[in-house]
Amino acid sequence: MRNMRAKTAAIAVVSALALVTACSSENESGDTGGNGSEPTDGGSSLSGTLAGAGASSQEAAQQAWMAGFQSANPDVTVSYDAAGSGAGREQFIAGGVAFAGSDAYLDDEELTAATEQCGGDVVEVPVYVSPIAVIFNLPGVDSLNLSPSTIAQIFNQQITNWNDEAIAADNPDVELPDLAITPVNRSDESGTTENFADYLSQTAGDDWPHEVSGEWPVGGGEAAQGTSGVVAAVTGGEGTIGYADASQAGDLGTVNVGVGEEFVPYSPEAAAAVLGVSERVADRGEHDFAFDLARDTTEAGTYPIVLLSYGLACGSYDDAAQGELARAYLSYIVSEEGQAAAAEAAGSAPISDELRQQIQPAVDAIGNAG
């Protein structure tokens with residue numbers, strides 16, 4: 001199981017963003033400019049197809065990234081199969097796709113396999129930061145305050161009715177119905193599940209006695225495929241509750257999460273604030289920027305149920321053209337323009353200028369590293 005419990009502050013999250021310079025020496029003539037979307041000579045010479053797969057939470061952002069990148073590079077076709085984090089990592093490790101999106105960083109076994117497949121360095125960088133919303137469908141109720149322990153007991157099926165005293169205690173002004181709770185979880189292996197389970201593991205103590213994994217550990221609830229499947233199942237039921245990337249919460253009720261002495265609603269800003277009390281995982285390679293998130297922070301204004309989603313690529317490719325395309329596309333994704341596009345389309349929190357400066361050399365290494 002991954003160690004996801006580090007607490008030391010490592011990066012500061014700021015809202016100001018700067019354009020990145022993504023061109024390597026191989027791309028200096030007629031390729032793309034600073035962020036992969038502004039050609040240096042007024043026209044892009046990039047062409048070909050680039051295939052990726054992975055986290056369904058990134059789907060809306062990927063659609064925005066593909067549209068922006070392909071607009072500036074009309075002879076390039078980028079595809080992204082939002083099959084889920086686990087499926088994306090498997091396809092990337094097997095060499096089936098040139099890049100992947102993942103809501104959890106590669107574990108040691110996966111990293112070893114990916115390094116072998118890439119023939120050297122693996123590039124792993126944060127590209128998407130977003131809150132995971134605890135969503136519910138309860139007639140007449142738009143929001144609820146829930147402590148970590150209460151959330152854990154609901155999803156562990158220890159609290160089974162909406163008018164339970166534990167829920168009522170934190171919601172004295174809400175009329176709670178005498179209605180059974182139906183928890184909805186992901187049926188597929190999912191980074192969203194792993195992030196949510198890690199939050200419960202760090203904050204709920206004995207109320208969540210399960211190992212952290214991308215596979216849901218509790219049987220007997222309702223299961224659905226992908227983020228969209230969970231949202232559809234919660235929407236289609238009554239008394240249902242689930243977890244999903246906040247960008248897809250829609251009109252469903254959402255939970256204000258207990259953090260310290262307050263209850264915090266989800267927001268991109270509150271999700272990004274968690275990075276300020278988290279640190280980079282050590283000893284994973286020069287171009288690997290995996291972060292351990294401090295879910296049990298009591299820092300005011302933080303929302304600890306957060307996705308830190310990654311882009312995966314190889315330091316080198318057998319097909320040099322694939323490396324060039326992957327480098328240009330990931331450069332656009334982490335650029336100010338790309339992050340703004342994702343924020344508008346998916347409600348994500350743009351990565352900070354400081355973090356961009358840290359990861360830019362890793363992005364530049366795509367297709368160039370040995």
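The values are calculated or read from the model by the stated rules, or taken from the named source; none is laboratory data. Since the model is a prediction, treat every value here as computed from it, not as a measurement. Every residue, glycine among them, receives a Cβ derived from its backbone with ideal geometry; neighbour counts consider all protein chains shown. Keep in mind that these areas ignore ligands, DNA and RNA; they rest on the heavy atoms of the full protein, side chains included. Shrake-Rupley method; radii C 1.70, N 1.55, O 1.52, S 1.80 Å.
Before moving on, here are some points about what is shown:
- Centre-to-centre separation between the Cα atoms of the range 142-206 and those of the range 302-356: 32 Å.
- Cα-Cα P(r), the range 207-277, percent of pairs per 5 Å interval: 3, 12, 19, 20, 23, 17, 5, 0
- Inter-label distance, nm, simple model (7 Å from Cα along the C-beta direction), Glu286/Ser143: 4.7 nm
- Annotation for the range 195-239: GluC sites (Glu not before Pro) lying in DSSP loop with at most 16 further Cβ atoms inside 10 Å of their Cβ are Glu211, Glu215, Glu238.
- Take every Cα pair under 8 Å whose residues are at least 6 apart in sequence, average their separation, divide by the length of the chain, and the relative contact order is 29 percent.
- The chain - Rg over Rh from alpha carbon coordinates, Kirkwood radius: 0.99
- Solvent-accessible area, 1.4 Å probe, carbon plus sulfur percent, for the chain: 44 percent
- Residues in the chain average 37 Å² of solvent-accessible surface per residue, probe 1.4 Å, ligands and nucleic acids excluded.
- Most to least accessible of His287, His210 (protein chains only, probe 1.4 Å): His210, His287
- Taking a Cβ cut-off of under 12 Å around Val334, the surrounding Lys, Arg, Asp and Glu residues balance to a net charge of -2, with basic ones at +1 and acidic ones at -1.
- The range 54-112 - Debye-derived log10 I(q)/I(0), Cα point model, q = 0.17 Å⁻¹: -0.58
- Our estimate of slack between Glu279 and Ala320, defined as 0.36 nm per intervening residue step minus the Cα-Cα distance, is 11.4 nm.
- More than 14 Å apart - percent of Cα-Cα pairs taken over the range 110-183: 69 percent
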